[in-house]
Amino acid sequence: MSCNDGFEHVRTSTFEAEYVDETGQLSFDNCAASFRIAAQEGDAPLLTITQSATANGSATLCEGQVIVVKITVEDLDTLPLATPPADPWVGWFEADFTQIDGTVTSLDRGPFILQRGI
């Protein structure tokens, strides 16, 4: 699984991330993926993205050996601003997938840094 140490993004463009099974041994065709962003680790999510698209179009897609997460600008705007506003907002994300048998596997977790953008 390709994972990273966190994400840094701007509020003014759509956020996209891909998780790829580089071993070729997994299939995500029958899974459900979830991507959650909270203020800090262990907090309740401020934003949850699943395969059921939000009203703003954010969603996850599971297909073959790839899981794609897409978060629209409108959903990024629902996350808090930093104090002072010129600083980036630093939150925490967790991504996982649920297999058809109900087994939940963590894909990735770490800081989610959101710059104001231009």
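Read-outs: derived from the displayed coordinates by stated rules, not from any lab. Quick caveat: nothing in here was measured; it's all calculated off a predicted structure. Virtual Cβ from ideal backbone geometry, glycine too; neighbours counted across all protein chains shown.
Per DSSP helix of 4 or more residues, -39500 (n - 2.57); summed, then divided by the residues of the chain. What does that give at 222 nm, rounded to the nearest 500? Please list the in-between numbers first.
Details: 1 runs with 4 residues, N = 118.
Value at 222 nm, helices only, nearest 500: -500 deg cm²/dmol.
Quick check: convex hull of the Cα atoms in the chain, volume per residue, rounded to a whole Å³?
98
Provide the three semi-axes, in whole Å and in decreasing order, of the ellipsoid equivalent to the range 1-58 as defined by the square roots of 5 times the Cα gyration tensor eigenvalues.
22, 15, 14
Might you report the magnitude of the Cβ-based charge dipole of the chain about its Cα centre, with Lys and Arg at +1 and Asp and Glu at -1, to the nearest 20 debye?
Magnitude of the dipole: close to 320 debye.
Size of the dipole of the range 62-116 about the Cα centre, Lys and Arg at +1 and Asp and Glu at -1 on the beta carbon, nothing else charged, in debye to 20?
Numbers: 3 positive and 9 negative charges, 36 e Å.
Result for the range 62-116 is approximately 180 debye, rounded to the nearest 20.
Write down the Å³ per residue value for the convex hull defined by the alpha carbon atoms of the range 26-81.
Given the Cα convex hull of the range 26-81, per-residue volume reads 89 Å³.
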